[in-house]
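In what follows, a structure is listed as structure tokens, so that the remarks can point back to it.
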Amino acid sequence: MKSPQGTAQNIDPNRALSREQKNNKSGNVPSQVNKVSGALVMALACVFLISAAQLMMKWGVMQLPSLPPELRTLWQQAPLFSIDLTSITTPIAMLLQTMQIPILFIISGLFCYALSMICWIIALKQLPLSVAYPLLSLSYIIVYFAAIQLPWLNETFSAIKFLGVIFILIGLFLMAPKKNNH
């Protein structure tokens, strides 16, 4: 006597397994390892993008000229909604001409922040927050060392700041997951 189609007797157990389960059954390394390493790469990309964003925006704002006296006076004296825009168009045009490169760096920094958020979302999908979040502190170290190496940022080495970097690294080591961590 045949059983009706679709009952448990007719279902092939290998067909019901997902591809990932079949790969595990055949002895292949689970794709979970690849997902975690890909997520770590995304988290580190996020760290480098955030660091680049900070450095670009810092350089950009350092290059911005101070406000022309006409704009400074209007800013200090007039309420925001009563400013006569015709009286400030020439100073604004002059200001914008001198700010093209710095603004490009600031916008590039903001773009790096946006990309870092995309990387962060991808990383968080696979990594526990207790693993991913401490990695962000690497950006403090990267930015500090880049700032003292890049001559146009005029940052100087400080022994106390270097000690702070060591404490961050110790914290990262203590926060890193251990294989036998229960």
May I ask you to list the residues in the stretch 35-54 that are under 13 Å from Leu110 (Cβ atoms) and either at pLDDT below 95 or of a type outside the set (S, T, N, Q) (or both)? Leu49, Ile50, Ala52, Ala53
From the list Ala132, Ala147, pick out the single residue that is closer than 18 Å to Val47 by Cα, open to solvent by less than 40 Å² (accessible area, probe 1.4 Å) and in contact with an Asp or Glu (Cβ under 6 Å, 6 or more places away or on another chain). Ala147
Starting from residues that are free of Cβ contacts under 8 Å to residues at least 24 places away in the same chain and in a loop (DSSP other than H, G, I, E, B), keep the ones in the stretch 159-181 and report whichever is most open to solvent (accessible area, probe 1.4 Å). Lys179
Going through the stretch 120-158 one residue at a time, which ones are small (Gly, Ala, Ser) and in contact (Cβ under 8 Å) with a residue 40 or more places away in the chain? Ala123, Ser130, Ala132, Ser139, Ala146, Ala147
Residue in the stretch 96-129 that is least open to solvent (accessible area, probe 1.4 Å), counting only those that are of a type in the set (Ser, Thr, Tyr) and closer than 30 Å to Phe173 by Cα: Ser116
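The values are calculated or read from the model by the stated rules, or taken from the named source; none is laboratory data. Predicted model only: the values in this text are computed from it and were never measured. Every residue, glycine as well, gets a Cβ built from its backbone with ideal geometry; the counts of neighbours run over all protein chains shown. For accessibility, only protein heavy atoms count, side chains too; no ligands or nucleic acids. Shrake-Rupley method; radii C 1.70, N 1.55, O 1.52, S 1.80 Å.
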